[in-house]
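*Asks:* Before I ask anything, here is the structure I am working with.
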């Protein structure tokens, strides 16, 4: 969605950037076609789009549910559906989905997001089962509290309560600190590499040893 930002990163790595809204099948189709036309087949897919709105579940409504599920769960399903047939034809591929520890243990003020990320973990495992015979691996990373605008927006949206939620998350990690985006990226890079060729159907916690939220 942030094409300028993506383009700046692409320039650093001699890559290319394409506009993509994971909520739109037309947008997904156009992005995949452009990518394959200019760069070649998609051998590695990282589903990393994320969205949330902090608040107690009883204060939410179906419109919010749709917004959160569309990006965090349906988007993962839709982009995978667009790319997977080509991987099957070539009999190779790596799929890495960004889930969350919230999908395993739940997160206060983020019930629908937790449900979506639990769905991502289940979807990851099912795709691994279905596609092992094609030589395709499917794994997820499950970050804990990471220093991102998404998490740090909790105090802004919920005030002192949001601040306490973040502090509780940090206190629930063994390392007693926020993780950094690069630490999640390193785990994704590993699961996308040949070093992880015999790992599939797993959700790797990148959470400082988080035990509870």
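The values are calculated or read from the model by the stated rules, or taken from the named source; none is laboratory data. Being a predicted model, the structure only gives us computed values, none of them experimental. Note: ideal-geometry Cβ built from the backbone for every residue, glycine included; neighbour counts use all protein chains shown.
*Asks:* Would you check which residues across the range 126-148 are exposed (fewer than 14 other Cβ atoms within 10 Å of the Cβ) and closer than 17 Å to residue 114 by Cα and list them?
*Replies:* Of everything in the range 126-148, nothing turns out to be exposed (fewer than 14 other Cβ atoms within 10 Å of the Cβ) and closer than 17 Å to residue 114 by Cα.
*Asks:* Here's something else I'd like to know. Do we have residue 203 as within 22 Å of residue 106 (Cα to Cα), touching a helix residue (DSSP H, G or I) at 6+ places or on another chain (Cβ under 6 Å) and either modelled with pLDDT of 95 or more or not assigned by TED's automatic domain parsing to the domain that holds residue 152 (or both) here?
*Replies:* Values: within 22 Å of residue 106 (Cα to Cα): yes; touching a helix residue (DSSP H, G or I) at 6+ places or on another chain (Cβ under 6 Å): yes; either modelled with pLDDT of 95 or more or not assigned by TED's automatic domain parsing to the domain that holds residue 152 (or both): yes.
So residue 203 fits the description; yes.
*Asks:* Out of the range 3-40, which residues are assigned to a loop (DSSP other than H, G, I, E, B), touching a helix residue (DSSP H, G or I) at 6+ places or on another chain (Cβ under 9 Å) and over 21 Å from residue 70 (Cβ atoms)? Quick ask: steps written out before the conclusion?
*Replies:* At the first step, the residues of the range 3-40 found to be assigned to a loop (DSSP other than H, G, I, E, B) are 13-24, 40.
Checking the rest, the ones that are also touching a helix residue (DSSP H, G or I) at 6+ places or on another chain (Cβ under 9 Å) come to 15-24.
Passing the criteria: 15, 16, 17.
*Asks:* Residue by residue through the range 162-171, note down the ones that are touching a residue at least 24 places away in the same chain (Cβ under 8 Å) and surrounded by 15 or more Cβ atoms within 10 Å (Cβ to Cβ). Show your work before the answer.
*Replies:* Of the range 162-171, the ones touching a residue at least 24 places away in the same chain (Cβ under 8 Å) are 162, 165, 168-170.
Within the range 162-171, 162, 165, 169, 170 qualify.
*Asks:* With respect to residue 165, determine if the residue is modelled with pLDDT under 95, part of a helix (DSSP H, G or I) and in contact with a helix residue (DSSP H, G or I) (Cβ under 9 Å, 6 or more places away or on another chain).
*Replies:* Numbers: modelled with pLDDT under 95: yes; part of a helix (DSSP H, G or I): yes; in contact with a helix residue (DSSP H, G or I) (Cβ under 9 Å, 6 or more places away or on another chain): yes.
Against the criterion (modelled with pLDDT under 95, part of a helix (DSSP H, G or I) and in contact with a helix residue (DSSP H, G or I) (Cβ under 9 Å, 6 or more places away or on another chain)), residue 165 qualifies.
*Asks:* Taking the criterion of being in the same structural domain as residue 95 (by TED's automatic domain parsing), modelled with pLDDT under 95, surrounded by fewer than 18 Cβ atoms within 10 Å (Cβ to Cβ) and assigned to a loop (DSSP other than H, G, I, E, B), would at least one residue in the range 177-185 satisfy it?
*Replies:* The answer is yes, given that some residue of the range 177-185 is in the same structural domain as residue 95 (by TED's automatic domain parsing), modelled with pLDDT under 95, surrounded by fewer than 18 Cβ atoms within 10 Å (Cβ to Cβ) and assigned to a loop (DSSP other than H, G, I, E, B).
*Asks:* Regarding the range 153-160, can at least one residue be identified that is buried (at least 19 other Cβ atoms within 10 Å of the Cβ) and within 15 Å of residue 53 (Cα to Cα)? Break it down stepwise before answering.
*Replies:* From the range 153-160, those buried (at least 19 other Cβ atoms within 10 Å of the Cβ) are 154; that's our starting set.
Cutting the leftovers down to within 15 Å of residue 53 (Cα to Cα) gives us 154.
Taking every residue of the range 153-160 in turn, at least one turns out to be buried (at least 19 other Cβ atoms within 10 Å of the Cβ) and within 15 Å of residue 53 (Cα to Cα).
*Asks:* When the residues of the range 33-77 are narrowed to those that are over 14 Å from residue 20 (Cα atoms) and without any contact (Cβ under 8 Å) to a residue 12 or more places away in the chain, which ends up nearest to the chain's Cα centre (by Cα)?
*Replies:* Once the filter is applied, the top-ranked residue is 66.
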